[in-house]
Amino acid sequence: MGAVVIDDNPSPIKAPDGGWSWAVLFGCFVITGFSYAFPKAVSVFFKELIREFGVGYSDTAWISSILLAMLYGTGPLCSICVNRFGCRPVMMVGGLFASLGMVCASFCTSIITVYLTAGVITGLGLALNFQPSLIMLNRYFDKRRPLANGLAAAGSPVFLCCLSPLGQILQHKFGWRGGFLILGGLLLNCCACGALMRPLEPTKEEKQKIKEKEIEESKDLQKKPRKLLDFTVFRDRGFVIYTIAASIMVLGLFVPPVFVVSYAKDLGTEDTKAAFLLTILGFVDIFARPTCGVIAGLKWVRPRCVYLMGFAMIFNGFTDLMGSMSDTYGGLVVFCIFFGISYGMVGALQFEVLMAIVGTQRFSSAIGLVLLAEAIAVFIGPPSAGKILDATHRYMFVFLIAGVEVTISAIVLTTGNFFCIKKKPEEPHCKEEVAEIGELHKLQEKATEGEGEKPEAAETDQFLKEEDKQNGEVVTNPETCV
């Protein structure tokens, strides 16, 4: 699956891998930070909301749940908007929605209206920014894409380390209403990041290719109407395997960070020391993501990045299993260090592998469908773990089940790729192989020159042209190609 790194319908515009690409990467870094860290940072204001509206903690926790649900569950809607209007306009509108939701929430007089504003509207705005930013990152980077994905993913732990203390300061000085208002102003930066996502400018040769492609598409326009959401990705076995594995993984991936602080408190640890565990996890995560991106970009590793992700998932699951046996604060510190490494590796690789599977053209639809599948798992995972904790009153079982789920997902990913995605050794998959075949044909011609058994040059050239046309520009290994 993840080994399928051939873009079956590549864009005629070549990824620059530099120049303005770094501005796009910075924008994606900021958007990723807001998207993943904001739902957690809002929890700082929960105590004030409980006092203001006279509700329980579980009622206020729905704000973060709705934010995450909108981020994941609106994936197909974001894909349709991107395919219809383009990335930059969608991100600009998304930034306005994200800011408007928090500003309106600062004037709310009931918890229900907070759900609608800070939850639904802000969550939709973040979703409209997150997905297009990844799509643009995929278009601007090719050779350096693993590194770019790792650096962009590092925005999540960096912003989490910044937004949580900032939220506490704002709550102390301005209250929850003033804090929401200021955070709404900060979210306007999403519009600035959207402005950075300018469309790629093609060269003269690329413009000619685009014109030819538009002419061909215009001829088939009446027969084949344009698809706003491409469901043909489900015909790709690699995509199906990835979606199943990712959904199982999400069931247990987010559980340990949610319960590790409570776990430490039940062991008799002070509140400040218990909260410091998340700081350790986030700090390790900051360095793990770009480092993993560098490793994934190595010449030998990149064609096999799906197996690197499988290793990261097994590493994460094994860490959960070991963490279930921790009975001291020091043991939980060690757990958070190793969990931060494995969690960062998964975060850096998950979208890189998906990009490699479906290619540039279908990525906008594929990521929306994957996020929708993960949204269901996000709803089931942590609440199910909470029920297990209520029934057993032991964190060991919570961490054990989370570890088993992540490990199963790794097995599905790696074994599915190894056994279900088979290579075709008779077909060349890269330019080097085409050149080698050409040299073999020349040697055959020399060997048979005296016997009058020369192969027909026209047929050979036509065969190579057809193969080259089918494969396009490929950066992969024949061992892992479909």
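Annotations
- Qualifying residue in the range 29-43 (condition: open to solvent by 20 Å² or more (accessible area, probe 1.4 Å), within 24 Å of GLY293 (Cβ to Cβ) and modelled with pLDDT of 85 or more): yes
- The residues in the range 21-79 that are under 22 Å from LEU134 (Cβ atoms) and among the charged types (D, E, K, R) can be counted, and the count is 1.
- Within the range 264-289, residues that are in contact (Cβ under 8 Å) with a residue 12 or more places away in the chain and within 19 Å of PRO157 (Cα to Cα) have Cβ atoms under 6 Å from residues that are open to solvent by 80 Å² or more (accessible area, probe 1.4 Å) and of a type outside the set (Asp, Glu) in these pairs: ALA274/LYS265, counting only partners at least 6 apart in sequence or on another chain.
- Residue in the range 340-358 that is without any contact (Cβ under 8 Å) to a residue 40 or more places away in the chain, surrounded by fewer than 24 Cβ atoms within 10 Å (Cβ to Cβ) and either touching a Pro at 6+ places or on another chain (Cβ under 9 Å) or not aliphatic (A, V, I, L, M) (or both) present: no
- As a summary of the residue check, PHE231 satisfies the conditions (1) modelled with pLDDT of 80 or more; (2) open to solvent by 90 Å² or more (accessible area, probe 1.4 Å); (3) over 30 Å from MET396 (Cβ atoms) except for the one numbered (1).
- Here PHE311, PHE335 are screened, and the one residue that is out of contact with any His (no Cβ under 7 Å at 6 or more places or on another chain), among the aromatic types (Phe, Trp, Tyr), at pLDDT 85 or above and surrounded by 19 or more Cβ atoms within 10 Å (Cβ to Cβ) is PHE335.
The values are calculated or read from the model by the stated rules, or taken from the named source; none is laboratory data. Quick caveat: nothing in here was measured; it's all calculated off a predicted structure. With ideal geometry, Cβ positions are generated from the backbone for all residues, glycine too; neighbour counts draw on all protein chains shown. Ligands, DNA and RNA are excluded from the accessible area calculation, which covers all protein heavy atoms including side chains. Shrake-Rupley method; radii C 1.70, N 1.55, O 1.52, S 1.80 Å.
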